[in-house]
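J.: Mind having a look at this structure? Questions to follow.
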Amino acid sequence: MSSGFVGTGALVRLGLRRDRIMLPAWIAGVVVLAVGSAAAAADLYPTVESRVSAATAANNTTALLALYGRVYDPTSLGGISMVKTGGIGAVLIALLSIIVVVRHTRAEEESGRLELVGATVVGRYAALTAALIIAVATNVVLALLTAVSIAGAGLPTAGSYAFGAAWGGVGIAFAAIAAVTAQLSSTARGATSLGSIVLGVVYVLRAVGDTAGPDGPSWMSWLSPIGWGQQFRPYAGDRWWVLLITFAFAVVVIGGAYALVERRDVGAGLIADRLGPATAPAGLRSPFALAWRLQRGSLFGWLAAFAGLGLVLGNIAGNVGGFVDSPSAREMVAKLGGQQGLTDAFISAEMGIMGFVAAIYGIQAALRLRGEEAGQRAEPLLVASVSRTRWVMSHLVVALGGSALLLVAAGLTAGLSHGAQSGDMGRFGPVFVTAVLQLPAVWVLTGIVVLAFGAAPRLVVAGWVALVVFLMLGQLGPLLELDQWAMDLSPFTHIPRFPVGDVDPVPLVWLVLIAVALVAAGLVAFRRRDITT
Amino acid sequence: MTEAISVSGLVKAYGPTRALDGLDLTVRTGEVHGFLGPNGAGKSTTIRVLLGLLRADAGTTRLLGGDPWKDAVTLHRRLAYVPGDVTLWPTLSGGEVIDLLGRLRGGLNPTRRADLLERFELDPRKKGRAYSKGNRQKVALIAALASDVELLILDEPTSGLDPLMEAVFQECVQEERVQGRTVLLSSHILAEVEALCDRVSIIRNGKTVETGTLTELRHLTRTSISAELASAPNGLAALPGVHDLKVEGLRVHFDVDTDQLDAVLRQLTQAGVRSLASHPPTLEQLFLRHYESESTDAVMSR
């Protein structure tokens, strides 16, 4: 048994070497997010009264409870200022843990590199152990840095350490979950998707628990690793014992992952491969048909998620106004999104978030181009009489069209459920339009990926960097009172705040033109460069 | 047109390193041309330039009468390519890949496809990720060989194939030759090259060092001679072209440059020959001489 761990140390060093840019960048990004919120807190909520009124308003708004969680101590500065960041950050940290673990386990195995390493003196459990060590260490560093930084930014010290520990606990729980999904699926893509689905499910579980009334299923928050992070209650009691639940969960789940490693062959998943057809279907005769075949599964999954989210958002949008009764509460909601008309502000803000999420889809669908090129799967097409433009367009149609479909789906379900819930089907139009209006900004991000792919294929992460920058500008810009020119860098700033205000088509047209220009520039550059791996 | 591929003075640099440094290559229409050289010599880089995947920095390249960079799309209808390390889409079956690539190239011959599947003993229903290395090679080989094209560009196509499948591959290439197709075959398997190739080019460090038929190349190298003489050999060591001379009493062993054989044999008959054995150079020796690393070269020329 113990020989199964031989070589773990070497793999940890190899992993840290490979991640020497990615890990510090992620950690820095999340810490900056936390510090930004902490630093703005004292100005936003100078008095206890201002905190109590803002916290009461937030706690009485179902949608905010569902999205970010509850403020457990309305009087504390940390509670109200970190509630939103706490939720967003927990998701980012969970994703980071999933990516790190899958990257050093299933992705290595799928590429065959693990076999190369495994044939040397490396035990059966070494890769998984190394991945978990890297992930846990990353989360510990992240937790400590966060705690020190936000305490330094003026929040209470004890609560700040609890906040950091709560985040670290979420990360460790998801490292454990990813350790299992990496054994279940035979592809890295599948393992990451499975981990993300678990993340989505547990986020919803705690949303249901947090919004439940006194007689409702509030216990559901306790089924969710994200919920445990919030039940830690930083700045409101700092219940350190909740961390024990997270650790117990992690130990059990990681034990399960080791048991799965024991039971399977290198390279295989637990879900066996079935045989495919001996001949291609008649339709599989163009690069687009192939791109669709490769990407449709993922798109269907995203469509289901968007339709579901739309349904929920449309349903709770009508409740927003009812719960809010004080002027400061209205101000709070306005700060989190729009200017007036609470329901409209809510719809506008939430569709803005849907736009960001659709941009994630667009980016990763366009990144398929680089994945195919680097995986040497572009070559067979490019030497089989497919022009470079045609090949790029095949995946780009999926990325651009797919993100459009996502927003249409969310708009349809949100409009219908909001119409049904409010008893006024006339509300369908505005809700639907708000969703679809996000599209030009989504396309700009896809365009950035195409430009990077064409001009500097090794720097395609530029798409993700741009998304994070735009996200921070959008979420933190109003809190930090950034200059307008800085806010204007984000395409999402230029999306009209419909249905709060009118739709000005000019910025939309500009955004589409910019997207087209980015794609065209990327194509020109790609046609002039070498195919690289 | 008599030249399917003509390359001269081809240069491709990656930063300061020159992968190709003035490479020349001529492949005549209808021939099977062996493309040889040690690892890292620039074979795959040359092929990727010919396929329009890489852009040449200097030199002229003509492929089937066109420019491989500018006319890539039209030229690719007339050629098929098999890389040395085939990667497949994990979720597509082998049969689907064969059909897709064939259709993109303008259709493939269904009878030939079925025939090749049988001869290569490939199960086309398996998913890309389930194939072994050798079976992935077979998928690409069948897709290429079942297409109706003028030119086959094969870059170490049999890596990972077992000896039985290697034989099937050689049969298939012979059939292609009979059909009048041109083949550029990069390979490290000397028996394969000897059995299939009309002419070969040997490259090293991005330059062509030798081109010709195997017979022509043999002339450029040395013959080993062992002889038993009637009297002690005189002046053998002083003759040009004699190497590694060993004298044991009346027995001599040496290598001689093939173009100096006449003079050497005359010298031997003067001493009186009792027995004589001569060995033409093996292919192995031929290649090893060309494959020897630059450092050996440098030492020898000093």
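The values are calculated or read from the model by the stated rules, or taken from the named source; none is laboratory data. Because the structure is predicted, anything quoted here is derived from the model rather than measured. Note that each Cβ is placed from the backbone with ideal geometry, even for glycine, and that neighbours are counted across all protein chains shown.
J.: Of the conditions (1) of a type in the set (S, T, N, Q); (2) over 15 Å from the mean Cα position of the chain (by Cα); (3) surrounded by fewer than 18 Cβ atoms within 10 Å (Cβ to Cβ), residue B:215 clears all except one; give me its number.
T.: It fails just one condition, (2).
J.: Follow-up question, since we're still on this one. Just to be sure I understand, how many residues within the range A:111-129 are part of a helix (DSSP H, G or I), surrounded by fewer than 20 Cβ atoms within 10 Å (Cβ to Cβ) and at pLDDT below 75?
T.: So the first thing to find is which residues in the range A:111-129 are part of a helix (DSSP H, G or I), and the list is A:111, A:113-118, A:126-129.
Okay, now just the ones that are also surrounded by fewer than 20 Cβ atoms within 10 Å (Cβ to Cβ), so A:111, A:113, A:115-118.
Among the residues that remain, those that are also at pLDDT below 75 are: A:115-118.
Adding up the residues that qualify gives 4.
J.: Quick test for you: out of B:195, B:143, B:191, pick the one residue that is part of a helix (DSSP H, G or I), surrounded by 16 or more Cβ atoms within 10 Å (Cβ to Cβ) and either at pLDDT 95 or above or out of contact with any Asp or Glu (no Cβ under 7 Å at 6 or more places or on another chain) (or both).
T.: Details: B:195 fails: surrounded by 16 or more Cβ atoms within 10 Å (Cβ to Cβ); B:191 fails: surrounded by 16 or more Cβ atoms within 10 Å (Cβ to Cβ).
Just one listed residue meets the conditions, B:143.
J.: Let me ask another. Can you pull out every residue in the range B:41-100 that is assigned to a helix (DSSP H, G or I), of a type in the set (S, T, N, Q) and crowded, with 19+ Cβ neighbours inside 10 Å? I'd like the intermediate steps shown before the answer.
T.: First, the residues of the range B:41-100 that are assigned to a helix (DSSP H, G or I): B:43-50, B:72-76, B:94-100.
Narrowing further to those that are of a type in the set (S, T, N, Q): B:44-46, B:74.
If the condition is that a residue be assigned to a helix (DSSP H, G or I), of a type in the set (S, T, N, Q) and crowded, with 19+ Cβ neighbours inside 10 Å, then B:44, B:45, B:46 are the ones that fit.
J.: Give B:130, B:72 a once-over and let me know the one that is in contact with a Ser or Thr (Cβ under 8 Å, 6 or more places away or on another chain), facing chain A (nearest Cβ under 8 Å) and without any contact (Cβ under 8 Å) to a residue 24 or more places away in the chain.
T.: On the way: B:130 fails: in contact with a Ser or Thr (Cβ under 8 Å, 6 or more places away or on another chain).
Selected residue: B:72, the only one of B:130, B:72 that is in contact with a Ser or Thr (Cβ under 8 Å, 6 or more places away or on another chain), facing chain A (nearest Cβ under 8 Å) and without any contact (Cβ under 8 Å) to a residue 24 or more places away in the chain.
J.: Please tell me if residue A:500 is in the same structural domain as residue A:354 (by TED's automatic domain parsing) and part of a helix (DSSP H, G or I).
T.: Details: in the same structural domain as residue A:354 (by TED's automatic domain parsing): yes; part of a helix (DSSP H, G or I): no.
No.
Residues checked against (1) farther than 27 Å from residue A:115 by Cβ; (2) charged (D, E, K, R):
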| position | (1), (2) |
| --- | --- |
| B:93 | no, no |
| B:98 | no, no |
| B:111 | yes, no |
| B:119 | yes, yes |
| B:128 | no, no |
| B:131 | no, no |
| B:136 | no, yes |
| B:149 | yes, no |
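J.: To continue, here is another question. Check residue B:286 against each of (1) modelled with pLDDT under 80; (2) over 30 Å from residue B:205 (Cβ atoms) and name the one condition it does not meet.
T.: For residue B:286, the failing item is (2).
J.: Does the range A:505-527 include one or more residues that are modelled with pLDDT under 95, surrounded by 19 or more Cβ atoms within 10 Å (Cβ to Cβ) and in a helix (DSSP H, G or I)?
T.: no
J.: Taking the criterion of being buried (at least 24 other Cβ atoms within 10 Å of the Cβ) and over 20 Å from the mean Cα position of the chain (by Cα), would at least one residue in the range B:25-37 satisfy it?
T.: no
J.: So residue B:123 ticks every box in (1) in contact with a helix residue (DSSP H, G or I) (Cβ under 8 Å, 6 or more places away or on another chain); (2) within 13 Å of another protein chain (Cβ to nearest Cβ); (3) surrounded by 20 or more Cβ atoms within 10 Å (Cβ to Cβ) but one. Which box is left unticked?
T.: (3)
J.: Filter the range A:378-394 down to residues that are surrounded by fewer than 21 Cβ atoms within 10 Å (Cβ to Cβ) and either facing another protein chain (nearest Cβ under 7 Å) or within 27 Å of residue A:112 (Cα to Cα) (or both), then give me how many there are.
T.: Total satisfying the criteria: 3.
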